[in-house]
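Submitted below is the structure of interest, expressed as structure tokens.
Bear in mind these aren't lab numbers, they're just calculated from the coordinates by the rules spelled out. Just so it is clear, the model here is predicted, and its values are computed rather than measured. Here the Cβ positions follow ideal geometry from the backbone for every residue, glycine too, while neighbour counts run over all protein chains shown.
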Amino acid sequence: MCLGFPAKIIKTDGSEALVDFLGVRTTVSVELIEGACPGDYIMVHAGVAITKMPEQEAEATLLVFEELERLAGEPLNG
Amino acid sequence: MLPDSVRVISGPGCPVCVTPAGYIDAAAEIALKNDAQLLTFGDLVKVPGIRTSLEKARAEGAEVRTVISPLEALKAARENPERKHVFLAVGFETTAPATALAVRHADEEKLANLTFLPAHKLVPPALEHLVRNNCKVDAFIYPGHVSAITGMAPYRKLAEQDVSGVVAGFEAEDLIRAIFAIIQACDRGETFCLNLYPKVVSEEGNLIAQKLMKDVFEEEDAAWRGIGSLPASGLRLRPPYERFDAWKAYDIVMDAREQEGCLCGLVLTGRMEPQDCPLFGKICRPENPSGACMVSSEGSCAAAYRYSMGETT
Ligand code: SF4
């Protein structure tokens, strides 16, 4: 239950955001971070963004998730 | 992969594993006696309690639904106003703010059919407990996502007591970097406190989340599975939010006994390797767990089991 995941904000109204995680779109709360904007990368935990992440780092982390998904042979976010 | 001189020991780092067995029984009882729908993180479903598990309760007719966020519980309660809902609020500082957010929303919306069964735990009191009990590690690897909320302050305080550690992320690369940094820092012979996960963890942490947690919860002494009660290590709802407290709403108390046979307590405090538990792999397996550490994918025994099986196949 502790696996946070990095995601990219597609659109947001300031309290909720539609995000993309490995091609899957899901809605998360952005009420606990300041100034969430489309294009921002965030770390999501239990449906809530807990912090913003620098883009480069987030992309590197997403690559690791993709690799894990490939190794596991199933989607991690299913 | 690591040289013999380096040992990585697992600690009380899995929130499901440290949730007392009696909590499971309390949740099952609420569902069965009061006909309330339980909303829980999936990891909790198979965890054995003292008398039952959520899986068994489900077979007896309890409605147990898995969610990945407390906000989903909020949604479920909104969509079905006739039905009572109880969210099983477990987890460390990473999850507690999400619960606090759900409580805040439930309060604003005056939702009358949702309560929370809080058993949130705080990481720093557990670390202090390990230190007080002569846990002889050279350094701790502090949890990255918990630290995203708390910031570095708790670890700076430990450093003042001569306790070293590094904050790290969860990927293999992060952990290797953490171990490498610890080896280098230990060679220098000084106390250290390093943040190796600055992309996610800032010095002050998430101030909005910290404030929300303080507004909604207050600290209380709490029982940890296999460890016992630790002072100010848990969270209960503050009086203005009391009506959302399922412990009170359903007038239920937690059975403080430990579950028999399982030695998770020794594993959680780094005093025993999972493989040394007499039940490991024989009676206790992921599909038929005797203890919580064998259930959650993050549990030490489950990880040790997967790893040892991988080696022999
Ligand atoms: S192997 Fe099973 S019974 Fe033994 S400590 Fe681990 S979870 Fe508990």
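Arranged by the count of other C-beta atoms within 10 angstrom, fewest first, what order do B:D255, B:D187 take? Kindly include the intermediate steps, with their values, before the conclusion.
Values: B:D255 18, B:D187 8.
Arranged by neighbour count, lowest to highest, B:D255, B:D187 become B:D187, B:D255.
Using a simple charge model, +1 on the beta-carbon of Lys and Arg, -1 on the beta-carbon of Asp and Glu, nothing else, what dipole does segment B:43-193 show about its Cα centre, in debye to the nearest 20? Don't jump to the answer; show the numbers that get you there.
On the way: 18 positive and 20 negative charges, 103 e Å.
Here segment B:43-193 has a charge dipole of around 500 debye.
Suppose each label sits 7 Å from its Cα in the direction of the beta carbon; what would the A:V24-B:K214 distance come out to in nanometres?
So the label points at A:V24 and B:K214 sit 3.6 nm apart.
Where does each of B:Y307, B:Y241, B:Y142 land when they are ranked from fewest to most other beta-carbon atoms within 10 angstrom?
Working: B:Y307 11, B:Y241 18, B:Y142 27.
Going from least to most buried by this count: B:Y307, B:Y241, B:Y142.
One-quarter of the Cα convex hull surface for segment A:5-72, in nm²?
Over all viewing directions, segment A:5-72 projects a mean Cα-hull area of 4.1 nm².
Something else: Please give, to one decimal in nm, the separation of the simple spin-label points placed at A:E55 and B:R243, each 7 Å out from Cα toward the Cβ.
So the label points at A:E55 and B:R243 sit 4.8 nm apart.
While we're looking at this one, here's another question. Positive end of the charge dipole of segment B:124-195 (Lys, Arg +1 and Asp, Glu -1 on Cβ, about the Cα centre): tell me which of B:I176, B:Y155, B:F140 has its Cα farthest that way.
After comparing all options, I get B:Y155.
Here's another thing I want to ask about it. Run the simple label-point estimate for B:E190 and B:D221 please: 7 Å along Cα→C-beta, distance reported in nm.
Going by the 7 Å Cα→Cβ label model, 4.0 nm.
Looking at the square roots a ≥ b ≥ c of the eigenvalues of the Cα gyration tensor of segment B:124-195, which shape do they give, rounded for a/c under 1.5, prolate if a/b is larger than b/c, or oblate? Could the numbers behind the result be given before it?
Details: a/c = 1.62, a/b = 1.10, b/c = 1.48.
Taking the square roots of the gyration eigenvalues as a ≥ b ≥ c, segment B:124-195 is oblate.
For the cross-link pairs B:K46/B:K199; B:K136/B:K199; B:K110/B:K214; A:K8/B:K199; B:K121/B:K282, which exceed 26 Å when the distance is taken from alpha carbon to alpha carbon? Present the calculation step by step, with values, prior to reporting the outcome.
Values: B:K46/B:K199 34 Å; B:K136/B:K199 30 Å; B:K110/B:K214 21 Å; A:K8/B:K199 15 Å; B:K121/B:K282 31 Å.
Violating the 26 Å Cα-Cα cut-off are B:K46/B:K199; B:K136/B:K199; B:K121/B:K282.
For chain B, build the charge dipole from Cβ charges (+1 Lys, Arg; -1 Asp, Glu) around the Cα centre, then report which of B:L130, B:G13, B:F244 sits farthest towards its positive end.
B:F244
Moving on. Average the reciprocal distances over every distinct pair of alpha-carbons in segment B:103-157, invert the result, and give the Kirkwood radius in Å. The partial results should precede the final answer.
Details: mean 1/r = 0.0703 Å⁻¹.
Taking the inverse mean of 1/r over all distinct Cα pairs, segment B:103-157 comes out at 14.2 Å.
Shifting gears a bit: Need one number for segment B:209-308: average projected area of the convex hull over its C-alpha atoms, nm².
On the way: hull surface 33.3 nm².
Its Cα hull, projected and averaged over all orientations, spans 8.3 nm².
OK, next. How do B:L212, B:L268 line up, fewest other C-beta atoms within 10 Å first? Write down the numbers at each step before the final one.
Working: B:L212 21, B:L268 28.
Lowest to highest Cβ neighbour count: B:L212, B:L268.
Loop by DSSP (not H, G, I, E, B), at most 12 other beta-carbon atoms within 10 Å: where is the longest site-free stretch of chain B for GluC sites (Glu not before Pro)?
Answer from the scan: B:110-189.
Over 10 Å intervals from 0, what percent of Cα-Cα pairs in segment B:132-240 sits in each interval?
That works out to 13, 36, 36, 13, 1, 0, in percent per bin.
So how long is each side of segment B:237-278 along the principal axes, counting just the alpha-carbon atoms, biggest first, in Å?
Largest to smallest, the principal-axis extents are 46, 19, 11 Å.
Once the Cα atoms of segment B:58-131 are picked out, what are the Rg and Dmax in Å?
14.4, 49
What does the C-alpha gyration tensor say about the overall shape of chain B? Classify as rounded when a/c is under 1.5, otherwise prolate if a/b is larger than b/c, or oblate. Present the calculation step by step, with values, prior to reporting the outcome.
Numbers: a/c = 2.05, a/b = 1.35, b/c = 1.52.
Oblate, because a/c is 1.5 or more while a/b does not exceed b/c.
Using the Cα centre of segment B:175-298 as the reference point, and only Cβ charges (+1 on K/R, -1 on D/E), how large is the resulting charge dipole? Debye, rounded to the nearest 20. Intermediate values should be presented prior to the final figure.
Details: 14 positive and 19 negative charges, 56 e Å.
It works out to roughly 260 debye.
Then there's this: Which shape class, rounded, prolate or oblate, goes with the protein assembly as shown when its Cα gyration tensor gives a ≥ b ≥ c as root eigenvalues, a/c under 1.5 marks rounded, and past that a/b bigger than b/c marks prolate? Working shown, then result.
Details: a/c = 1.42, a/b = 1.13, b/c = 1.26.
Rounded, because the longest to shortest axis ratio a/c is under 1.5.
I would also like to ask the following. So how strong a dipole does the protein assembly as shown carry about its Cα centre when Lys and Arg Cβ are +1 and Asp and Glu Cβ are -1, to the nearest 20 debye?
Dipole about the Cα centre, nearest 20: 660 debye.
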